[in-house]
Every structure is written in structure tokens, then in C-alpha cells.
Amino acid sequence: MRHVIQQQVQVDFLYPCIFSENVFHVDCPDVWEVLTKGRGAEQRSRVLVVVDQAVAALHTDFEQKLAAYFAHHGDRVVLVAAPVIVPGGEEVKNDPQYVEQVEALVNRYALDRHSYIFAVGGGAVLDMVGYAAAICHRGIRLIRFPTTVLAQNDSGVGVKNGINAFGKKNFLGTFAPPYAVINDFSFLPTLDDRDWRGGISEAIKVALLKDADFFVFLEEHAEHLAARDMDAMKQLIIRCAELHLQHIATSGDPFEAGTSRPLDFGHWAAHKLEQISYFRIRHGEAVALGLALDATYSMLNGMLEEAAWERILRVFVAMGLRVFAPEMLQHHAGQQLVLLQGLEEFREHLGGELTIMLLEDIGRGVETHFMDEALVVQSLEVLQGWAEKRLKS
């Protein structure tokens with residue numbers, strides 16, 4: 001006897017993405033409203049807080065503010081332990097001890113699916129803590145507090161979590177929506193210039209794919225953004241996050257079960273560049289390099305007009321982002337470019353068929369399933385020549 005039941009399961013998820021300032025001030029309602037949503041007056045929420053080491057170092061009063069916040073609202077929320085400090089950057093994703101540390105704390109303090117984990121930091125810390133939260137009890141409520149430009153406009157607002165393994169970025173991970181995202185702009189002024197600029201690359205990416213008017217905004221405000229104008233940056237972050245969230249909600253594939261990954265435009269090269277530079281090239285910087293490479297490839301194969309290509313490269317330079325780095329030409333003992341391995345690793349990560357996003361025009365992307373390796377090499381040569389000419393002028 002053979003019997004088959006075909007059951008369709010539809011799952012809706014809803015989470016707020018809040019943009020605010022000084023959210024841990026006792027009078028700010030943002031965190032409080034998220035924690036008490038749908039809970040009875042007698043219920044107390046249990047919270048574990050994990051903090052990026054860079055945030056703790058730059059905001060020396062953070063722990064004091066947090067303690068004061070929880071003391072003020074102690075009738076409804078309880079902080080189960082002092083904030084846990086973990087390294088930021090790829091270190092926290094490369095070493096599994098940090099995931100295990102969060103798991104052990106969940107066990108020690110008997111957190112359950114109705115408890116909360118706060119992840120406060122840059123994208124790497126959010127990725128690691130999100131992964132731990134997703135696998136403990138098959139899901140503990142995660143509230144993200146992104147503290148960098150890149151995390152606030154891209155990685156911190158989506159549904160992905162993960163850590164690195166076997167020398168590959170995000171080899172282990174989950175698709176698990178956060179309970180809420182609370183973007184606090186007051187963290188941004190303490191960023192160093194590299195992290196301020198690096199996050200802009202993701203805004204350029206999504207503008208190139210989806211919104212030509214947003215790209216014009218970036219062109220027109222490049223000088224202000226490079227000079228750390230906060231009002232311009234707030235507009236950039238909100239619009240970039242909005243475009244990312246719209247894609248997740250309307251693409252028909254929020255958990256990337258297919259092979260289409262438009263928001264990973266430029267990332268096949270970016271992820272490999274991070275790895276071969278031993279993460280000296282930060283993610284946002286690597287994305288800028290990967291975008292410049294794929295835009296050049298698009299121009300050389302006749303898809304993108306040269307004038308549009310020039311506009312793209314000039315925006316990166318105006319923002320203080322490199323469009324070429326020597327690591328892009330690294331070879332295996334005089335043989336194949338190491339960077340080209342990124343294509344195969346990207347195909348594997350997608351799940352079979354290689355799908356790369358290229359450009360037909362600013363604001364309009366198109367997918368391809370083939371990359372001519374000889375044309376990639378030519379693109380690198382053209383990009384290197386353009387960058388060197390720019391330095392001499």
C-alpha cells in the first residue's frame with residue numbers, strides 16, 4: 001500500500017524594525033513596548049544580554065544604563081545575569097566557543113521560548129547570537145540591537161543567522177526571524193571611519209538593484225555621508241533597510257529555498273576576499289570590491305553602459321571605499337586566481353545552480369547562471385587600471 005499526504009503549510013511572521021535613539025534610557029518606550037507586547041500584567045520577561053566587546057569598550061556606561069533600565073522596569077522584566085561580553089568581527093563567528101557559551105547560559109538560567117536574548121553589536125555578533133538563539137529550544141525570542149551602519153541597514157534587519165566553519169563564511173546557520181529589531185542611532189557616532197563607510201556599500205548594492213532614485217540620493221549626498229553627516233546617514237539606513245525588508249517580504253522566497261539570491265549581488269567575490277585576506281578586509285569593504293567587479297563584468301559583456309559603470313565606481317570612491325585591492329589578484333602557485341574559487345563556493349552555498357546578479361542599468365539587476373572566467377580576469381585588469389589611473393590623477 002502506498003499513501004501520500006500533501007500538506008501545504010503557510011507561516012506568517014511579523015516583527016517590528018524600529019529606528020530610534022537612546023533606547024535604554026528609562027523613559028524610552030521602544031524596548032519596553034516590545035517586551036510587554038501581548039503579555040499579562042503579572043508576567044515577568046526574563047532576558048539575557050550579549051554585547052559586542054567594541055560596544056562595551058566605546059560605551060563604558062552601557063552596563064550601568066542597562067542595569068538602571070531593568071531596575072526601573074523590574075516589576076515586568078528581569079535581567080538574569082550581567083551582560084555577556086563577546087568579541088566582535090569575524091572572530092566571534094570563527095570560534096564555536098562563543099555559540100557554546102550562549103547555549104550554556106541559556107541552560108544555566110533556564111531560559112525558555114518565552115524568554116528573550118538581546119544581541120547588541122555589529123553584524124557578526126548578531127549572526128552568532130541569532131544562531132544560538134535559534135537552536136536553543138528550537139527558538140528563543142531574539143531582539144537585535146544593531147550598532148553599526150552595516151548591521152542597521154542590512155544584516156541586522158533580515159532573517160538569517162550563522163557562523164563560519166571549514167574555512168567558509170556562514171557555513172552553519174538558520175533562517176529564523178527576530179522577535180524585533182531596534183536600531184539605536186546613538187551608537188553610530190562612536191564607529192571608526194572604516195565601519196562608518198563600510199556599511200554604505202550595502203546601500204549602494206540595493207540601490208543598484210532596485211532603486212535608481214536612491215542611487216541618485218547617494219551620489220548627491222556622497223560628500224556629506226563620507227564626512228559623517230548623521231541626518232544623511234539616517235536617511236540612508238532607513239531606506240536601505242526598507243528595501244531589504246521589502247525584498248524578504250515580497251520575493252516569494254524569504255528563506256532562500258531556491259537559487260535566486262539578488263541581495264547577494266557582489267557577494268560571491270566579497271566572501272572569498274574576506275577569507276583570503278584573513279578578514280583584514282571587512283565585510284562592507286569586501287562588498288564594495290565585489291560590487292565594483294561585477295559592475296565591471298556587466299559593462300564588459302555589453303549589459304551595462306560605460307557611463308553608468310563610471311558613475312558606480314565614482315560613488316564608491318566618493319564614499320572612501322576602494323574598488324580594487326591586491327588580494328583580488330592572488331593566485332594558487334602561479335595557477336588559477338584564488339578569487340575564482342568563490343564562484344564554486346557560492347554555487348554550493350546556493351544549493352546547486354550558480355546564480356549571479358549582474359546589472360543592466362542602475363536600478364535594474366538581471367540574473368545569470370554563467371560567469372566567463374576569462375572575462376572575470378579581464379574585469380579585474382580593467383578595474384585595476386581604472387583604480388591606478390584614479391590614484392595618479
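Readers should treat all values here as calculations from the given coordinates under stated rules, not as data from a laboratory. Values in this document were obtained by computation on a predicted structure and should not be read as measured data. Neighbour counts are summed over all protein chains in view; Cβ atoms, including those assigned to glycine, are modelled from backbone coordinates with ideal geometry.
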What residues have an amide H closer than 5 Å to that of residue 266, excluding those fewer than 5 places away on the same chain, when H is modeled at 1.01 Å from N in the peptide plane? 357
What is the Cα centroid distance between segment 7-51 and segment 60-107, reported in whole angstrom? 16 Å
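So how strong a dipole does segment 149-201 carry about its Cα centre when Lys and Arg Cβ are +1 and Asp and Glu Cβ are -1, to the nearest 20 debye?
In debye, rounded to 20, segment 149-201 gives about 300.
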By how many nm would the segment from residue 175 to residue 100 lengthen if fully extended, with 0.36 nm per residue of separation less the alpha-carbon distance? 25.1 nm
For residue 45, list long-range residues whose amide hydrogen, built 1.01 Å from N in the peptide plane, is under 5 Å from its own amide hydrogen. 77, 78
What's the magnitude of the charge dipole for segment 17-190 around its Cα centre, counting Lys and Arg as +1 and Asp and Glu as -1 at the beta-carbon? Answer in Debye, nearest 20. 600 debye
Would you mind computing, in nm to one decimal, how far apart the modelled labels at residue 301 and residue 114 are, each placed 7 Å from Cα along Cα→Cβ? 5.3 nm
For log10 I(q)/I(0) by the Debye sum over Cα atoms at q = 0.10, 0.12, 0.14 Å⁻¹, pick the label among (1) -0.57, -0.87, -1.26; (2) -0.80, -1.12, -1.41; (3) -0.66, -0.93, -1.23 that corresponds to the value derived from the coordinates. (3)
Is it possible to state the helix-based mean residue ellipticity at 222 nm for the chain, with each DSSP H run of 4+ residues giving -39500 (n - 2.57), the sum divided by total residues, to the nearest 500 deg cm²/dmol? What is it? -13500 deg cm²/dmol
Which lysines have a Cα lying under 30 Å from the Cα of residue 65, excluding residues fewer than 8 positions away in the same chain? 37, 93, 160, 234
In whole Hz, with x marking every Gly and Pro, tabulate ³J(HN,Hα) for segment 136-141 from phi via Karplus 6.51 cos²θ - 1.76 cosθ + 1.60, θ = phi - 60°. 6, 6, 6, x, 9, 4
Of the candidates 332, 59, 137, which one comes out as most mobile in a Gaussian network treatment of the chain with C-alpha springs shorter than 10 Å? 332
Quick calc: nm separation of the 7 Å Cα→Cβ label points for residue 392 and residue 329 -> 1.4 nm
From the residues 126, 107, 155, which one has its Cα farthest along the dipole of segment 17-190 in the positive direction, the dipole being from +1 and -1 charges on Cβ of Lys/Arg and Asp/Glu about the Cα centre? 107
Which helices of the chain meet both criteria: a Cα extent of 24 Å or more along the helical axis and a mean Kyte-Doolittle score no lower than -1.0, with helices taken as whole DSSP H segments? 230-250, 283-300, 373-392
Once you've got the GNM for the chain with C-alpha springs shorter than 10 Å, pick whichever of 84, 287, 323 has the biggest mean-square fluctuation. 84
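Which of the peptides 173-180, 279-286 is most tightly packed, and how do the rest follow, judged by the mean count of other Cβ atoms within 10 Å per residue?
By packing density, highest mean first, the sequence is 279-286, 173-180.
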Nearest-20 debye value, segment 193-392 charge dipole, Cβ charges on Lys, Arg, Asp, Glu: 580 debye
Rounded to whole Hz, the Karplus (6.51, -1.76, 1.60) HN-Hα couplings of segment 142-148, x for glycine and proline: 10, 10, 8, 10, x, 10, 10
Starting from the amide H of residue 85, placed 1.01 Å from N in the peptide plane, find each other amide H under 5 Å away whose residue is 5 or more places distant or on another chain. 51
